[in-house]
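**Student:** What follows is a structure written as structure tokens; I'll ask about it next.
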Amino acid sequence: MSQQVLVEQVEKDPPRPAPTAWKIEAKSVGKLYPRTDRRAKEATTVLDGFDLRIGSGEFVSLLGPSGCGKSTFLNILAGLETYNGGAVFVDGKRVEGVNKNVGVVFQGYALFPWLSAQKNVEVGLKVRGVAKAERRERAAQVLRTVGLESAAHRLPHQLSGGMRQRVAIARVLAYEPEVLVFDEPFAALDAQTREFLQSELLRIWESGATKKTVLFVTHSIDEAIFLSDRIAVMTRAPGRVKAVLDVELPRPRDAAVRSSEDFVHIRSRVARILEEEVRIGNDDQ
């Protein structure tokens with residue numbers, strides 16, 4: 001099936017109403033890495049013409065072939081990497097460095113092994129100058145939110161992988177960023193733990209007085225569908241957004257939705273787009 005047909009299929013969906021202002025807006029973003037190997041003929045272009053808009057309170061997942069620039073864009077959005085073209089905005093302000101309103105959760109837990117779960121959550125607050133009493137209160141609160149109140153005084157090695165990742169999420173929630181970005185946070189976990197944490201993440205996201213805006217990078221089609229309001233599918237490198245699909249599944253969602261007809265239909269559509277992109281990449285080799 002050609003790329004043109006696939007794009008037409010996506011565009012037949014009823015359009016989502018545009019928000020009055022985008023929380024996140026990427027316009028024609030480009031990213032290249034300078035040539036470091038003398039044998040390489042030119043610099044490596046990772047992103048080229050990357051466009052994406054996310055409304056306040058939306059949960060959007062980013063899917064694409066390996067090496068297409070998903071994590072690179074996440075790092076750009078968080079202000080951890082620069083970019084070479086276009087522009088990225090959060091709340092209408094251009095991203096030009098680390099933004100305290102953007103919280104990042106990586107696949108690796110990055111916990112201090114000598115600190116308890118509670119103290120690990122407090123670290124970011126201490127760096128931001130939050131008073132000791134308030135640090136303790138806020139850390140205890142977010143640990144309750146992620147279901148780890150009883151494990152507050154355990155060291156990381158005394159926690160399971162899923163529990164460690166929940167501590168990492170709690171650490172970010174503690175300083176109350178308006179935007180959360182996740183870089184394959186559950187990829188290293190077993191299937192059962194992964195599905196449990198997906199449900200937990202939705203519970204946390206839906207329980208707030210105001211929903212956070214979320215960008216979630218993943219390689220899993222099922223994970224993206226279960227979590228998201230929309231899915232942005234990228235091309236092979238140099239990456240850009242090839243298609244954006246609405247996930248019109250009712251919320252709150254539970255495990256039963258994974259076997260629903262609508263879920264299976266969305267999975268099929270996303271898989272066809274990804275398969276075509278991989279096939280084009282193989283044909284170019």
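**Student:** Exactly one condition in (1) surrounded by 15 or more Cβ atoms within 10 Å (Cβ to Cβ); (2) without any contact (Cβ under 8 Å) to a residue 60 or more places away in the chain; (3) under 27 Å from Leu77 (Cβ atoms); (4) not hydroxyl-bearing (Ser, Thr, Tyr) is false for Glu176; which is it?
**Tutor:** Unmet for Glu176, out of (1) surrounded by 15 or more Cβ atoms within 10 Å (Cβ to Cβ); (2) without any contact (Cβ under 8 Å) to a residue 60 or more places away in the chain; (3) under 27 Å from Leu77 (Cβ atoms); (4) not hydroxyl-bearing (Ser, Thr, Tyr): (1).
**Student:** Any chance the stretch 61-68 includes a residue that's modelled with pLDDT of 95 or more, among the small types (Gly, Ala, Ser) and over 16 Å from Arg240 (Cβ atoms)?
**Tutor:** yes
Condition check ((1) under 23 Å from Thr213 (Cα atoms); (2) in contact with a His (Cβ under 9 Å, 6 or more places away or on another chain); (3) acidic (Asp, Glu); (4) buried (at least 18 other Cβ atoms within 10 Å of the Cβ)) across all residues:
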{"site": "Gly64", "(1), (2), (3), (4)": "yes, yes, no, yes"}
{"site": "Leu74", "(1), (2), (3), (4)": "yes, no, no, yes"}
{"site": "Gly103", "(1), (2), (3), (4)": "yes, no, no, yes"}
{"site": "Lys132", "(1), (2), (3), (4)": "no, no, no, no"}
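**Student:** Further question on the same structure: Look through Thr235, Thr218 and report the one residue that is among the hydroxyl-bearing types (Ser, Thr, Tyr), under 23 Å from Tyr83 (Cα atoms), under 16 Å from the mean Cα position of the chain (by Cα) and buried (at least 21 other Cβ atoms within 10 Å of the Cβ). I'd like the intermediate steps shown before the answer.
**Tutor:** Values: Thr235 fails: under 16 Å from the mean Cα position of the chain (by Cα).
Criteria check complete, one pass: Thr218.
**Student:** Would you check if Pro252 is assigned to a loop (DSSP other than H, G, I, E, B) and surrounded by fewer than 17 Cβ atoms within 10 Å (Cβ to Cβ)?
**Tutor:** yes
**Student:** May I pose another question? Go through (1) among the acidic types (Asp, Glu); (2) surrounded by fewer than 19 Cβ atoms within 10 Å (Cβ to Cβ); (3) touching a residue at least 24 places away in the same chain (Cβ under 8 Å) one by one and return the number of the condition Glu58 breaks.
**Tutor:** Among (1) among the acidic types (Asp, Glu); (2) surrounded by fewer than 19 Cβ atoms within 10 Å (Cβ to Cβ); (3) touching a residue at least 24 places away in the same chain (Cβ under 8 Å), the lone unmet condition for Glu58 is (2).
Quick grid of which residues meet (1) of a type in the set (A, V, I, L, M, F, W, C); (2) surrounded by 13 or more Cβ atoms within 10 Å (Cβ to Cβ); (3) modelled with pLDDT under 95; (4) under 20 Å from the mean Cα position of the chain (by Cα):
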residue: Val181; (1), (2), (3), (4): yes, yes, no, yes
residue: Leu201; (1), (2), (3), (4): yes, yes, no, yes
residue: Lys211; (1), (2), (3), (4): no, yes, yes, yes
residue: Val214; (1), (2), (3), (4): yes, yes, no, yes
residue: Val247; (1), (2), (3), (4): yes, yes, no, yes
residue: Asp284; (1), (2), (3), (4): no, no, yes, no
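The values are calculated or read from the model by the stated rules, or taken from the named source; none is laboratory data. Fair warning: this is a prediction, and the values are worked out from it, not measured in the lab. When we count neighbours, we look across all protein chains shown, and the Cβ atoms used for this are built from the backbone with ideal geometry, even at glycine.
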